[in-house]
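Undergrad: Handing you a structure now.
The values are calculated or read from the model by the stated rules, or taken from the named source; none is laboratory data. Model, not experiment: these values are computed from the prediction. As a convention, Cβ positions derive from the backbone with ideal geometry for all residues, glycine included, and neighbour counts pool all protein chains shown.
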């Protein structure tokens, strides 16, 4: 039994690590920081700054959180998009000011046909509904397939994704001089979001922020 439709039971709540407290303003990773600090940036973002301006995630990719992501991504559990968007909305509140459009990281058409949905798009659409910000499902495109990225290191992922995501020319007017919030299901190495962000910047976006339902942390 759960408290409401699309809710989590007490056991799953206990096994889901929601991200709170101090986080890196660049990637959303939990960090140890003094409450008086205005902007906190983790060591990884200091040594290799991401191309996006700010990032947030709602949960850590472990325990029940990992199970939720796998069910959402591979198990046809599209209903997870509803509560997940609520959790993500809470996490991304600091990023929403001035956002002009919310868009998902795209899937290649063959992957979309196989899966029948883009989990990032479902998440982004529900997040846009919660925040009252315009949503565009095809702001970006993925014209060529890459196969799976599982098991690849950060450098291998980045090389494989180089040039794989492009701005949709029909939506160029929505990107130019706009603050874009990109949404994906999970942040692992950040290679996919880097490629998507670069596509927006190539199309003259004013600023790009990123949001993911879950993220892998060093202690995850």
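Per-residue answers, yes or no, for (1) over 22 Å from residue 135 (Cα atoms); (2) in contact with a helix residue (DSSP H, G or I) (Cβ under 6 Å, 6 or more places away or on another chain); (3) at pLDDT 90 or above:
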| residue | (1), (2), (3) |
| --- | --- |
| 6 | yes, yes, no |
| 11 | yes, no, no |
| 41 | yes, no, yes |
| 47 | yes, no, yes |
| 56 | no, yes, yes |
| 81 | no, yes, yes |
| 99 | no, no, yes |
| 110 | yes, no, no |
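Undergrad: Still on this structure: Conditions: (1) out of contact with any strand residue (DSSP E or B) (no Cβ under 8 Å at 6 or more places or on another chain); (2) farther than 20 Å from residue 181 by Cβ; (3) surrounded by 15 or more Cβ atoms within 10 Å (Cβ to Cβ). Residue 70 meets all but one. Number of the miss?
TA: Condition not satisfied by residue 70: (3).
Undergrad: Within the stretch 36-74, which residues are without any contact (Cβ under 8 Å) to a residue 24 or more places away in the chain, over 20 Å from residue 95 (Cβ atoms) and outside any helix (DSSP H, G or I)?
TA: 36, 48
Undergrad: Also: Is it the case that the stretch 45-60 has a residue that's at positive phi and over 14 Å from the mean Cα position of the chain (by Cα)?
TA: no
Undergrad: Failed condition for residue 133, given (1) touching a helix residue (DSSP H, G or I) at 6+ places or on another chain (Cβ under 9 Å); (2) at pLDDT 95 or above; (3) in a helix (DSSP H, G or I), with all others met?
TA: With (1) touching a helix residue (DSSP H, G or I) at 6+ places or on another chain (Cβ under 9 Å); (2) at pLDDT 95 or above; (3) in a helix (DSSP H, G or I) applied to residue 133, the lone miss is (3).
Condition check ((1) at pLDDT below 95; (2) under 18 Å from residue 66 (Cβ atoms); (3) buried (at least 24 other Cβ atoms within 10 Å of the Cβ)) across all residues:
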position: 177; (1), (2), (3): no, no, no
position: 181; (1), (2), (3): no, no, yes
position: 188; (1), (2), (3): yes, yes, no
position: 195; (1), (2), (3): yes, no, no
position: 201; (1), (2), (3): no, no, no
position: 206; (1), (2), (3): no, no, no
position: 213; (1), (2), (3): no, yes, yes
position: 219; (1), (2), (3): yes, yes, no
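Undergrad: Could you tell me whether the stretch 87-110 includes any residue that is in a helix (DSSP H, G or I) and more than 30 Å from residue 172 (Cβ to Cβ)?
TA: The answer is yes; a qualifying residue exists.
Undergrad: Still on this structure, I have one more. If residue 31 satisfies all but one of (1) modelled with pLDDT of 90 or more; (2) in contact with a strand residue (DSSP E or B) (Cβ under 7 Å, 6 or more places away or on another chain); (3) surrounded by 14 or more Cβ atoms within 10 Å (Cβ to Cβ), what's the number of the condition it fails?
TA: (1)
Undergrad: Can you tell me how many residues in the stretch 34-66 are under 26 Å from residue 115 (Cα atoms) and surrounded by fewer than 16 Cβ atoms within 10 Å (Cβ to Cβ)?
TA: Qualifying residue count for the region: 1.
Undergrad: Would you mind telling me which numbered condition in (1) out of contact with any strand residue (DSSP E or B) (no Cβ under 7 Å at 6 or more places or on another chain); (2) within 17 Å of residue 175 (Cα to Cα); (3) in a helix (DSSP H, G or I) residue 138 fails?
TA: Exception for residue 138: condition (3).
Undergrad: Can you confirm whether the stretch 139-149 contains a residue that is within 22 Å of residue 58 (Cβ to Cβ) and at pLDDT below 95?
TA: yes
Undergrad: Pick out the one residue from 92, 105, 101 that is in contact with a strand residue (DSSP E or B) (Cβ under 6 Å, 6 or more places away or on another chain), buried (at least 20 other Cβ atoms within 10 Å of the Cβ), closer than 29 Å to residue 10 by Cβ and touching a residue at least 24 places away in the same chain (Cβ under 8 Å).
TA: 92
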